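A short write-up of the structure that comes next.
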């Protein structure tokens, strides 16, 4: 039996050493198998990151470690298991340390005491001990241990807690570009293994030189547009004066990005902006402020953008210029000064007037379209007249003196521009006696303000980021428009003998391990984490070995991406026969929900099941059966058809 002790965790919202917008969220649903809940988390200076989430195969960081505090911080990996039964329960689980995935951390010196306090004894000569703990790799020092395998009996209602000490590696270089720190936990029962993952990354709060957030300014948003070379040019003062003051209610922050701006915008709820995160500027106030000046925010598809996404990995500088003498351009450096704020906002001119004031003699003929140009979303000039452009207030009697306020409106986007037309001596009262005509524009700005994210690649993140945007391009451009290339985070397995290599050069010297051809139920599995091409153009997958319980578990390297050798682990379609057969020697469980929680029934090897439909879950899939329950689509556990 394991002994039991209590272990407290604390969190602080003030200057956190580890930040997550939910903190140590006790409302999270822990993975639960056979009435035993289990999870793991990272702890820095007594402040805890979020719990590991079941089947979270997507390596998106859900916590941020402050780089300014980490070198002097106390770091540990928390582990907890709770037996909800009134009887003892045998448990079999593995703990994957962050040392398995990067060289940032090493295991601390007194890890054995943590297990000893729980009555867990060491079994160093067994890979899968019936009782006790085994660690891997055995041939290396304690500081290089990457995982533990533990078996034993939890007492009735026992709450088992461990706090495994970690330390920063002497070889580690800590910066905001350090890859995600990963911690995993695997729980095994008679039907297979169940995993839980949590991730963290390094970062800092984005601050200006005076120590304040660039998002806290109350100056006006800074308006700019782009010239023909895509250079960002400050707009004239009359437009600047229209810009509203910065307001925190306009800004949403998301430090934990999925890679999809609409999703990240909807989920944005952070209170502070960290390097590596994004903030989203909601544009309705800005659009309302400038729409009568002939300007609008940028279009998105068929509408105007609802918001701009700003990405920052460093300082809050932004490359906006203003025209100087001799056609020179100088860098705009007045952010936060002279009434300017600290967020640049890109606008586009929809209606351009040749002159704001036009004087005509009595009896002259005047074409109202001769003094304006209207631009489509792609920047091209629209032929006038056009049904989408109206002209209001144009002179109706050119034989009399009069002053007219002539307003052009592009109706789909409600963008207007007004000029003054004086006929003869004009009117003493400046009255407007003009009429209204219709005209057209094909595509100037777009329908109202119902557009989506502005994500133009030629627009400084495109929508202006209050920082010089620094992005790292992948080493290989890979299109997965077809189904032959696995996406990042997807699991694949080998159907033939393959090797795992240190780099893309597949030589004996670079080989890390051989994986011989195996029966379907034993095929080696990998999670794709990146791509590179060899000198001959052949695509390689960068992968992590996820063959839990094997000596290669946790190793990273490169394998072939050829479909002759590796294929996705999970089915992507429903069999034509609507039948699957259980092939796992241990059988499979079905569940009441698609996240495979709420065990419904166990089926032995050879049982045939009827499939209703395929359900996507993160980067995996599930089959929903005819009885409404859900089952894995893992090809190592089930096979399509009557087998």
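Values quoted throughout were computed directly from the atomic coordinates according to the rules given, and no laboratory measurement underlies them. Model, not experiment: these values are computed from the prediction. Virtual Cβ from ideal backbone geometry, glycine too; neighbours counted across all protein chains shown.
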**Request:** Among 176, 64, rank each residue by its count of other Cβ atoms within 10 Å, from fewest to most, as a rough exposure measure.
**Result:** 176, 64
**Message:** Using Cβ counts within 10 Å as a stand-in for footprinting exposure, how do 288, 346, 113 rank, fewest first?
**Reply:** 113, 288, 346
**Request:** Using every Cα-Cα pair within the stretch 504-643, state what percent have a distance larger than 26 Å.
**Result:** 34
**Message:** Just to confirm my numbers, what's the Cα centroid distance between the stretch 593-643 and the stretch 147-212 in Å?
**Reply:** 30
**Asked** Between residue 365 and residue 610, 0.36 nm times their residue separation minus their Cα-Cα distance comes to what?
**Response** 80.3 nm
**Prompt:** So if R0 is 60 Å, what FRET efficiency would residue 319 and residue 567 give, r being the distance between their Cβ atoms, rounded to the nearest 0.05?
**Reply:** 0.85
**Prompt:** Between residue 378 and residue 247, how many nm apart are label points set 7 Å from Cα along the C-beta direction?
**Reply:** 3.7
**Request:** Assign one of three labels to the stretch 530-587, namely rounded, prolate or oblate, based on the Cα gyration tensor with a ≥ b ≥ c the square roots of its eigenvalues; rounded applies when a/c is under 1.5, prolate when it is not and a/b is larger than b/c, and oblate otherwise.
**Result:** oblate
**Request:** Mind sorting 615, 297 by how few other Cβ atoms lie within 10 Å of their own Cβ, fewest first?
**Result:** 615, 297
**Share of alpha-carbon pairs per 10 Å distance bin for the stretch 492-571, given as whole %** = 20, 58, 21, 1
**Asked** Roughly what percent of Cα-Cα pairs across the stretch 351-439 reach past 17 Å?
**Response** 45
**Request:** Set the Förster radius R0 to 41 Å, insert the Cβ-Cβ distance between residue 116 and residue 495 as r into 1/(1 + (r/R0)^6), and round the FRET efficiency to 0.05.
**Result:** 0.40
**Prompt:** Fully extended, how many nm does the chain gain between residue 212 and residue 398 (0.36 nm per residue separation, minus their Cα-Cα distance)?
**Reply:** 61.0 nm
**Asked** Each label point is 7 Å from the Cα along the Cα-to-Cβ direction; what then is the distance between the points at residue 69 and residue 173, in nm?
**Response** 2.6
**Prompt:** What FRET efficiency would be calculated for the residue pair residue 593, residue 271, taking the C-beta separation as r and a Förster radius of 22 Å, to the nearest 0.05?
**Reply:** 0.10
**Item:** Net lengthening on full extension, residue 539/residue 228 (0.36 nm per residue, minus Cα-Cα)
**Value:** 108.2 nm
**Request:** May I ask you to work out the translational diffusion coefficient for the stretch 579-640 at 25 °C, viscosity 0.890 mPa s, via Stokes-Einstein with Rh from the Kirkwood sum over Cα pairs, reported in whole µm²/s?
**Result:** 218
